[in-house]
Every structure is written in structure tokens, then in C-alpha cells.
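The values are calculated or read from the model by the stated rules, or taken from the named source; none is laboratory data. Model, not experiment: these values are computed from the prediction. All Cβ positions, glycine included, derive from the backbone under ideal geometry; neighbour counts span all protein chains shown. Accessible surface is based on the protein model in full, side chains and every heavy atom, while ligands, DNA and RNA are left aside. Shrake-Rupley method; radii C 1.70, N 1.55, O 1.52, S 1.80 Å.
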Amino acid sequence: MEITFENVRDIIVETLSCDAEDVKLETNLIEDLEADSLEIVELSMALQEKLGAGIEDEDLEKIHTVQDILDYIKSKQA
């Protein structure tokens, strides 16, 4: 499956129970969506399950925005 903003946005909305219009490329997961560390881990697991591309545990602290998620996943697929 191709990794697109829309795919990632839908997973974020489902996992973090937020509104789709609140999720943009520059949205900060912690500051804007008020996600805690457990929710970030749950988001990574949901990405892995639905897209086959999660975020390694040691890299989670580097992920701040939706763009970071897209960049990270695409870099791992290259």
C-alpha cells in the first residue's frame, strides 16, 4: 500500500480520537493533538498494522509532526 498523508491522517484520527480537520502536515502530535507517550506507541503499532510500516521504538522520540511520520516511513521504504 502506498503511504500517503490521507492514509496516515486516517490512522491518527482513529488512534488518537481527534478530528480529521485538526490533522495537517505541520500538526504536532503532542502539542496540538495532546497525545501522550502511550498514544504515540499505539499510533506506531496502528501504522505497522495498517500500512506495514511502523516507527522503531528508539526513533519514537524523534517524531513530532505528521510530516515527521511520513518522512520516517518513506525513508525506511527506500
### Query
Quick one: with all protein chains in place, what share of the accessible area of the chain is carbon or sulfur, to the nearest percent (1.4 Å probe)?
45
### Query
Can you list the residues, at least 5 places off or on another chain, whose amide H is less than 5 Å from the amide H of THR65, using H built in the peptide plane?
LEU29
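Please give the charge dipole size of the chain, origin at the Cα centre, charges +1 on K and R Cβ atoms and -1 on D and E Cβ atoms. Round to the nearest 20 debye. List each step's numbers first, then the result.
Numbers: 6 positive and 22 negative charges, 81 e Å.
Charge dipole, the chain, about its Cα centre: 380 debye, nearest 20.
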#### Entry: Options (1) 6.3; (2) 4.4; (3) 6.8 - which one matches mean projected area of the Cα convex hull in nm² as calculated here
(2)
### Query
For the chain, with every protein chain kept in place, what is the accessible area per residue (1.4 Å probe, Å²)?
61
### Query
With contacts defined as alpha carbon pairs under 8 Å and 6 or more residues apart, what's the relative contact order of the chain in percent?
36
